[in-house]
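None of the figures in this text is laboratory data; all of them are computed from the coordinates on show. If you're wondering where the values come from, they're calculated on a predicted model, not measured in any experiment. Counting neighbours? That spans all protein chains shown, and the Cβs are built from the backbone with ideal geometry, glycine included.
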Ligand code: BGC
């Protein structure tokens with residue numbers, strides 16, 4: 001059994017748990033620490049180091065980030081501190097924890113976990129996993145293989161980024177009922193269906209727990225739409241899977257410099 005620590009950095013909480021990467025099960029209780037105000041790199045680094053020390057597991061650690069992650073660098077920061085942009089966050093976390101840290105975009109991690117252990121199990125062809133929260137995250141998976149950093153929440157729709165109009169935060173901000181929000185989400189999904197023709201959309205993020213509110217209103221012509229199954233564990237599980245080598249990227253250089 002390979003047990004790897006997965007850590008999910010979110011807008012309100014940073015959560016970690018050891019994961020059996022063969023089954024996707026958490027093998028100890030999840031620990032959550034509130035995200036420090038402003039989510040600046042040094043403050044987040046301290047929380048990640050605290051979680052690593054708390055679990056005391058040997059071996060690599062998988063960490064998610066809510067922005068573009070390429071070769072260990074964080075290259076966008078829509079909903080976190082702008083100092084992340086261009087940072088070698090992989091090196092920052094590796095230095096702070098003394099463990100080999102592997103970074104992955106949060107929605108990509110959730111997508112990997114759902115495809116392997118959740119709502120996408122045994123689904124061939126194209127699957128789009130969308131996480132609705134503060135922003136909209138996306139993971140594009142074809143025959144089980146992830147195409148990373150698709151950032152479809154930033155698709156331009158109605159003169160705005162889709163996430164500013166159809167995220168869960170937009171639902172709360174604009175005081176929409178579920179039917180009104182589903183209408184927006186449906187417009188967005190219809191556009192994605194036209195562009196990607198996925199067999200399946202998996203809807204994740206906090207709203208996956210309230211599927212009965214939106215599922216009746218979210219119907220598409222060609223693609224099936226289902227709620228995610230791993231709920232708020234998907235990021236942790238996907239991060240651990242990636243660190244376990246399911247998606248081992250080439251390690252970047254080790255100094256925490258901006259590119
Ligand atoms: C970011 C994505 C992220 C998503 C969900 C978006 O604003 O650009 O990288 O996956 O939010 O956190």
Open item on the list: With 10 angstrom as the radius, rank 196, 132 by how many other C-beta atoms surround their C-beta, starting from the fewest.
Closed with: 196, 132
Task: Linear extension gain, residue 183 paired with residue 209, 0.36 nm per residue minus alpha-carbon span - done: 7.5 nm
Open item on the list: Quick check: pseudo-label points 7 Å beyond the Cα along Cα→Cβ at residue 46 and residue 124, how many nm apart are they?
Closed with: 5.2 nm
Task: Coordinate range along principal axes, alpha carbons of the chain, Å, largest first - done: 49, 37, 30
Task: Residue order, fewest to most beta carbons within 10 Å, for 151, 29 - done: 29, 151
TODO: Using 0.36 nm per residue of separation minus the Cα-Cα distance, give me the extension gain between residue 85 and residue 57 in nm, one decimal.
DONE: 7.1 nm
Task: For the chain, calculated [θ]222 nm from helices alone, where every DSSP H run of n ≥ 4 adds -39500 (n - 2.57) - done: -9000 deg cm²/dmol
Task: Gain in span if fully extended, residue 37 to residue 156, counting 0.36 nm per residue against the direct Cα distance - done: 39.9 nm
Open item on the list: For the pair residue 197/residue 222, report the inter-label distance in nm, with labels modelled 7 Å from Cα in the Cβ direction.
Closed with: 0.5 nm
Task: Residue order, fewest to most surrounding Cβ atoms within 10 angstrom, among 30, 184 - done: 30, 184
